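Each reported figure results from applying straightforward, stated rules to the coordinates on display, with no laboratory input. Bear in mind that the values here come from a model prediction, so they are computed numbers and not experimental data. Neighbour counts are summed over all protein chains in view; Cβ atoms, including those assigned to glycine, are modelled from backbone coordinates with ideal geometry.
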């Protein structure tokens, strides 16, 4: 079985498994590319953006804001895991590539903190049989970057909830 430290992208399984999935992939529909990004401010407010493409055409976009108490890399890992869950639920028969501009999520061999380690483990658990992968994309080439900023703006515009 291939170790994660040997793989450039997050893919589970050995080369034999990857060759098997290439044959299996003929039974799957075309490739779905999900671009994800997250934005975090100093006050624990976060924005998330994702854009789903099939054959180069956007089929779904979303942005939203929420509260987050962890770090930015941990947040990006959770967003990647969420994108993989979304793909499994809405497009179960598509090959999936999740693209993020957070290099530590993709390339981290030994995550430094426990919370980040758990978040990266969630991503790796959701990459199944070699046809669900997470890859790096530059921030400039990531269409979800602007969506994440919009999500962050949406939560900063909301009034603070008062305790009753």
Task: Protection-proxy order for peptides 82-90, 97-105, each taking the mean of Cβ atoms within 10 Å per residue, highest first - done: 97-105, 82-90
- [ ] Report the full-extension gain for the segment residue 30 to residue 57: residue separation times 0.36 nm, less the Cα-Cα distance, to one decimal in nm.
- [x] 8.5 nm
TODO: Quickly rank 142-150, 67-75 as a protection proxy: mean count of other C-beta atoms within 10 Å, highest first.
DONE: 142-150, 67-75
